[in-house]
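Working notes, structure below.
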Amino acid sequence: MPLPAGLDPDAIDGVFVDLDGTVVHHAELLSTAIDAVAALQATGVPVVVATGRMFISACRFANLLGAADPVICFQGALVGSRSTGEIIHHERLDAETAREIIAAANAAGEHINVFTHDAFYVAEENEQSQKYAASARVPINAVGDLVEWLDQPITKLVISGEPDRMDALRDELLPIFGERAFIAKSLPFYLEVAAPGVHKGVGCQVVADLLGLRQERCVTIGDGENDFELIDWAGFGIAVGGGHPELIRRADWVAPSIEDDGVPRVLQAIAEARAGQR
């Protein structure tokens, strides 16, 4: 496929790729992404996973992709090595703010997942928690009243429900907690909350420093509201077709949609251009 004029394949140090909505469709990895990642990395360009998923889930997909180490997860709140399990960077949301946001979500009648120590906790097991556990392939920990249970900083919260209700809750929470927490939707039905200043761009910079990648020579690819800072951070940001309208507005280029195998095709095209196969 043709690449945009503003993207020089030979001037790319690294590529950072979101998972869900980008190379993971309905919780399943696009099989074509595996070969595309391998082809690009064979030319010397590391492909790094940057996701809102838990560390254990991010590692599973990074392993399937054969992606570079480390991985960026929890919206950039945590960077860890999938080969050793070492936590390289970790920012937590303070317990008081987390309890206040949980109480507000409870008042709105929404389901809440609490993430700490790479496990997730809920008040009680229900359809929403079962859906998340199935997607992440992790066990459910039901602990009763989350406000009473929570006594330490956490990695993040995920509030889940109907997309329009998540929009309304986000708009309610931002004026109150916007300076005390990162609040954004990752998928239409997931509203994510993390420490203030946390976003995928922070995680990208941590990894870029570790791997010696120049920010202006990095490419990032995403599809959602939680990818705004991911796209903004890079020298060249790519939005997936059909993604969030604001992300598409911010991006330097729009790739074909996930239904059209867009991102694997882009990665393969970059690899072929670098290898002189065009």
For this session: For region 213-234, state whether one or more residues are without any contact (Cβ under 8 Å) to a residue 12 or more places away in the chain, touching a strand residue (DSSP E or B) at 6+ places or on another chain (Cβ under 6 Å) and not assigned by TED's automatic domain parsing to the domain that holds E100.
Result: no
Problem set entry | Residues of region 1-18 satisfying the condition of being over 14 Å from Q215 (Cα atoms) and either in contact with an Asp or Glu (Cβ under 7 Å, 6 or more places away or on another chain) or buried (at least 24 other Cβ atoms within 10 Å of the Cβ) (or both) | G6, V17, D18
For this session: Could you identify the single residue in D118, D167 that is more than 22 Å from H89 (Cα to Cα), among the acidic types (D, E) and not assigned by TED's automatic domain parsing to the domain that holds A77?
Result: D167
Seminar exercise, completed: Residue pairs qualifying under the 8 Å Cβ cut-off, at least six apart or on distinct chains, with the first in region 105-132 being under 21 Å from D20 (Cβ atoms) and the second being part of a helix (DSSP H, G or I) and aromatic (F, W, Y), are N113/Y132; F115/F74; D118/F55; F120/Y132
For this session: Counting only residues that are in contact with a Phe, Trp or Tyr (Cβ under 7 Å, 6 or more places away or on another chain), give me the strands (runs of 3 or more DSSP E) lying completely in region 76-175 with at least 2 of them.
Result: 78-80, 111-116, 156-160
Exercise. Within region 229-278, how many residues turn out to be crowded, with 21+ Cβ neighbours inside 10 Å and in contact with a His (Cβ under 8 Å, 6 or more places away or on another chain)?
Worked result: 3
For this session: Looking only at region 3-16, decide whether some residue is farther than 22 Å from E229 by Cβ, in contact with a strand residue (DSSP E or B) (Cβ under 6 Å, 6 or more places away or on another chain) and in a loop (DSSP other than H, G, I, E, B).
Result: no
Exercise. Has region 43-55 got at least one residue that is polar (S, T, N, Q), surrounded by fewer than 18 Cβ atoms within 10 Å (Cβ to Cβ) and at pLDDT 95 or above?
Worked result: yes
Exercise. Filter region 136-154 for residues that are of a type outside the set (V, I, T) and within 15 Å of F74 (Cα to Cα); which is surrounded by the most Cβ atoms within 10 Å (Cβ to Cβ)?
Worked result: A136
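The values are calculated or read from the model by the stated rules, or taken from the named source; none is laboratory data. Being a predicted model, the structure only gives us computed values, none of them experimental. No Cβ is skipped: glycine too gets one built from the backbone with ideal geometry, and neighbour counts run over all protein chains shown.
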